[in-house]
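Peer 1: Quick one: the structure is below, and I'll ask about it shortly.
The values are calculated or read from the model by the stated rules, or taken from the named source; none is laboratory data. Worth saying up front: this structure is predicted, and the values here are computed from it rather than measured. We place every Cβ from the backbone using ideal geometry, glycine too, and count neighbours over all the protein chains shown.
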Amino acid sequence: MKIVTIIGARPQFVKASMVSKAIANVSGMEEIIVHTGQHFDDNMSSLFFEELKIQKPTYHLNIGGQAHEIMIEKMVCAIVPVLRHEKPDIVLLYGDTDSTLAGALSAKVLDIKIAHVEAGLRSYNPSMQEEINREITDKLSTFLFCPTIQAIDNLKKENITRENREVFLVGDVMLDAALFYSPYYKYPASLPEKFVLCTLHRAENTDSKQRLSSILLALQHIADTIPVVLPLHPRTRARVAEYGLTLAHENIQCSSPLGYLEMQGLLNRAALVMTDSGGLQKEAYFAKKYCLTLREETEWTELVQSGTNMLSGADTRQIIEHFEILNARVSEPFCSQPFYGDGHAAEKIVRLLGFVHN
């Protein structure tokens, strides 16, 4: 059985690392990795392959840093010849990136079965490119591996579970990764005793001067009382400069993008988290940290319902108010529930792929 895995963004590297390990343990399964190059910054790409010990991609397409419609078109034009040459039984995709959608379209053109890991997630915000990517990928996929019960319910509402699709509840491969790599987390030497970990990268926030300015104003206010550690995405750094904004504050510590192990080290030392990242919301939960999400909606609705995550959008006043609520909860017990499975999602995915293929 030959699997072609298509990835291109840093969260996908983490997810793929666990499934690739499980594939390598199964006799008769072969995996070919295609890296689209969507994350072209070295710290956001090759570093992840090295520290997570992911096999080097057989194909590196070097397509990144462009408008999403241009990237998707170029990716499809590059992926289709690869699939024609490799003739895989299954194309394996992760999440909701442009690389995911391009992989799904390419496989569909050649009538190759598609397996989608992290299927069924919905924010119900049609203006998000990620929402479009995940919806189309789910509709094109043969095998849909869902991380949560809510994801299954979302697919039921769209009747995808009735359309001759194989839908499975397997748990979240990011929980697998958090458990597997926890002994290897890296902890920076010079960290404040108590700090907020913040990430900011979504286009809806960074590509709007008003939203970005509003978020930065809130961060500066928060930094008056507690240090903020802010690993900066390249797009965010570029937009701050382009809009003439500033991050200058003695208590805001900016850095370049970090590798997975160092980022997890920061997360585990942080008092709480502020982010617009879908992945970091879950990782905060795995680490038992309260999270303030800088969006109006989230795919991980169970976290909001549990009270461990709050949605603030980009409004300065609301960010500050919600931060103060969560900061007051830091000293309270963190109530975890098994929303994301048992840490063996990757093994289940590989076992199911072998079963349905045979």
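Peer 1: Which condition number in (1) in a loop (DSSP other than H, G, I, E, B); (2) assigned by TED's automatic domain parsing to the domain that holds Ser208; (3) modelled with pLDDT under 95 is the one that Gly313 fails?
Peer 2: In the conditions (1) in a loop (DSSP other than H, G, I, E, B); (2) assigned by TED's automatic domain parsing to the domain that holds Ser208; (3) modelled with pLDDT under 95, Gly313 misses (3) alone.
Peer 1: Restricting to the range 83-101, and then to whatever is surrounded by 17 or more Cβ atoms within 10 Å (Cβ to Cβ) and either more than 24 Å from Val356 (Cα to Cα) or of a type in the set (Lys, Arg) (or both), can you tell me which residue is nearest to the chain's Cα centre (by Cα)?
Peer 2: It comes out as Thr97.
Peer 1: Still on this model: Between a first residue in the range 96-107 that is in contact (Cβ under 8 Å) with a residue 40 or more places away in the chain and a second residue that is among the acidic types (Asp, Glu), which pairs have beta carbons less than 8 Å apart while being 6 or more apart in sequence or on different chains?
Peer 2: That search, which allows pairs on different chains as well, returns Asp96/Glu118; Asp96/Glu130; Asp96/Glu131; Thr97/Glu130.
Peer 1: Within the range 192-207, track down each residue that is surrounded by fewer than 16 Cβ atoms within 10 Å (Cβ to Cβ) and either in contact with a Pro (Cβ under 6 Å, 6 or more places away or on another chain) or in contact (Cβ under 8 Å) with a residue 60 or more places away in the chain (or both).
Peer 2: Answer for the range 192-207, where residues must be surrounded by fewer than 16 Cβ atoms within 10 Å (Cβ to Cβ) and either in contact with a Pro (Cβ under 6 Å, 6 or more places away or on another chain) or in contact (Cβ under 8 Å) with a residue 60 or more places away in the chain (or both): Pro192, Lys194, Ala203.
Peer 1: So if I check each of Glu262, Glu242, which one is acidic (Asp, Glu) and closer than 15 Å to Ser213 by Cα?
Peer 2: Going through Glu262, Glu242 in turn, just one is acidic (Asp, Glu) and closer than 15 Å to Ser213 by Cα: Glu242.
Peer 1: Out of the residues in the range 323-337 that are assigned to a loop (DSSP other than H, G, I, E, B) and within 26 Å of the chain's Cα centre (by Cα), state the one that is surrounded by the fewest Cβ atoms within 10 Å (Cβ to Cβ).
Peer 2: The extreme case among them is Cys335.
Let's see how each residue does on (1) farther than 20 Å from Glu324 by Cβ; (2) charged (D, E, K, R); (3) in the same structural domain as Thr148 (by TED's automatic domain parsing):
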residue: Gln210; (1), (2), (3): yes, no, no
residue: Leu217; (1), (2), (3): no, no, no
residue: Ile222; (1), (2), (3): no, no, no
residue: Ala241; (1), (2), (3): yes, no, no
residue: Val273; (1), (2), (3): no, no, no
residue: Lys289; (1), (2), (3): no, yes, no
residue: Leu292; (1), (2), (3): no, no, no
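Peer 1: For Lys139, state whether it is closer than 19 Å to Ile23 by Cα, among the basic types (Lys, Arg) and either out of contact with any Lys or Arg (no Cβ under 9 Å at 6 or more places or on another chain) or not assigned by TED's automatic domain parsing to the domain that holds Thr301 (or both).
Peer 2: no
Peer 1: Residues that are in contact (Cβ under 8 Å) with a residue 40 or more places away in the chain and more than 16 Å from Gln12 (Cβ to Cβ): list the strands (runs of 3 or more DSSP E) wholly contained in the range 113-189 that include at least 3 such residues.
Peer 2: Because the criterion is at least 3 residues that are in contact (Cβ under 8 Å) with a residue 40 or more places away in the chain and more than 16 Å from Gln12 (Cβ to Cβ), the strands (runs of 3 or more DSSP E) in the range 113-189 that meet it are 166-169.
Peer 1: Which one of the conditions (1) crowded, with 18+ Cβ neighbours inside 10 Å; (2) in contact with a Lys or Arg (Cβ under 8 Å, 6 or more places away or on another chain); (3) modelled with pLDDT of 95 or more does Ile160 fail to meet, given that it meets all the rest?
Peer 2: (3)
Peer 1: Quick check on this structure: which one of Phe145, Phe168, Phe195 is over 30 Å from Arg84 (Cβ atoms), touching a strand residue (DSSP E or B) at 6+ places or on another chain (Cβ under 9 Å) and either in the same structural domain as Phe49 (by TED's automatic domain parsing) or modelled with pLDDT of 95 or more (or both)?
Peer 2: Residue meeting the stated conditions: Phe195.
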